[in-house]
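Bear in mind these aren't lab numbers, they're just calculated from the coordinates by the rules spelled out. Values in this document were obtained by computation on a predicted structure and should not be read as measured data. Neighbour counts are summed over all protein chains in view; Cβ atoms, including those assigned to glycine, are modelled from backbone coordinates with ideal geometry.
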Amino acid sequence: MHLNKILKKMKINRTVKIIAGSILGIFVLLFLVLVVHIATAKPVEIDNASLQISRIDFKEPIDSLKAKEIHRNLKKIPGVKTDRLNIETGVLVYFHDIKIANSEEIYNQLIALGDYKAERFVLPKGLENKTACPVMTEDSFSYKFSRGIQRIFN
Amino acid sequence: MKNFSKLALVALFIASGAFVTSCNDDDDKAAEPASLYAKLGGTTMVADPNNPSQMIEQGRLSYRSVVDSTITLIVADIVTGAEGNLGAHFAPIVSEVSSGNATNVSILSKNLTDFFSANTGGGATNVYTGLDMVAAHDPAQNPRMGVKSTDADYDKFIGYVGAAAGLNGVTDPQLINEVVAVLESLRAPIVQE
């Protein structure tokens, strides 16, 4: 009778061990799948991620000769990629690599090269921290979660 | 009777073979017109002019060039505090505040390029992962939208795209009409005012 009880108890212990082991095994397996998935996930690739658009407003009349001179001077500044100057409005918009030079540095170098009457276009306060449409909502849980995971592994 | 059964069986076999062949969609595929993505250069790899060490599909590069020129033209027309120049939607890209490792303008350029490439025949190699068009242009769902777009805003945007296409050598009226048709198909979800 006593032996029967011991055998029964051992059987229950064995069942509990098998269940616990299975749950642990599944958990470890799922965790490994998660780690492999995160580690091999490719970060979002952005063409020319450091390319910035900036603008300079000229406050003097610009003719075609002056426009060519501005273009030449702009091309001498490291980091400037492409530019477009509207002669009628005196607005210059250009793309530059922000890792090489920011808009203030480029503006200062251009003015040093040509002594132009011009102003750097600066965004009014309140607009500068916003991002433009259409990207993922930064307040959302999915955005914060994926940013957190990406920061760990990338 | 036995011979008749054999003949019937052979006839049935040939007929079913002919039926299967006629249902094959290879002919339909061959007759399919080229997609807009293919007409703009398709999957031919070329050097990226912004980064010559990288390669890029010509179709994607065509879209990206037009997108970047469109952004350039819009930024050139922004008048601080004035209405009707798309400043409320696009001014933030001039800011040098970046999102992670990418500038705001590079993210916008990527999103627009992905969207147009993936939806005009370049879906095999381009994927758009942003918000759907209704959500992306609704300030209640997308706080960065600023204000809702009007028909006049959208007309102006299409005008900018047309001018940008011209600046990039896309002057074939038929091709421009196809681009405009794509943009017009998006008017309903984007214009919400």
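Less than 5 angstrom separates the built amide H of A:Lys81 from those of A:Phe95, A:His96, A:Asp97, all sequence-distant by 5 or more or on a different chain. Length gained on full extension, A:Asn102 to A:Lys76, computed as 0.36 nm times the residue gap minus the Cα-Cα distance: 7.9 nm. Evaluating 6.51 cos²θ - 1.76 cosθ + 1.60 at θ = phi - 60° for every residue in region A:86-91, the Karplus couplings come out as 8, 4, 5, 9, x, 9 Hz, glycine and proline recorded as x.
Within 10 Å of the Cβ of each residue in B:70-79, the mean number of Cβ atoms contributed by other protein chains is 5. Computed from the C-beta positions of B:Val79 and B:Met45, the FRET efficiency with R₀ = 30 Å rounds to 0.15. Evaluate E = 1/(1 + (r/R0)^6) for A:Leu3 and A:Leu29, where r is the Cβ-Cβ distance and R0 equals 35 Å; express this FRET efficiency to the nearest 0.05. For A:Leu3 and A:Leu29, the calculated efficiency is 0.35. Counting Lys and Arg as +1 and Asp and Glu as -1 over every other residue whose Cβ lies under 10 Å from the Cβ of A:Thr89, the net charge comes to -3.
Note on region A:3-30 and region B:134-176: Cα centroid distance 64 Å, given to the nearest whole angstrom. With a cut-off of 9 Å between beta carbons, the residues surrounding B:Asp151 carry a summed charge of -2, where Lys and Arg count +1 and Asp and Glu -1. Short version: ³J(HN,Hα) in whole Hz for each residue of region B:147-156, in order, from phi by Karplus 6.51 cos²θ - 1.76 cosθ + 1.60 (θ = phi - 60°), x for Gly and Pro, what are they? Per-residue couplings from phi come out as 10, 6, 8, 9, 4, 5, 4, 5, 4, 5 Hz. Within the shell of other residues whose beta carbon sits under 12 angstrom from the beta carbon of A:Asp47, the net charge comes to -2, with Lys and Arg scored +1 and Asp and Glu -1. Rounded to whole numbers, the Karplus 3J(HN,Hα) couplings from phi for region B:116-130 are 5, 5, 5, 9, 10, x, x, x, 6, 10, 10, 10, 9, 10, x Hz, using 6.51 cos²θ - 1.76 cosθ + 1.60 with θ = phi - 60°, and x at Gly and Pro.
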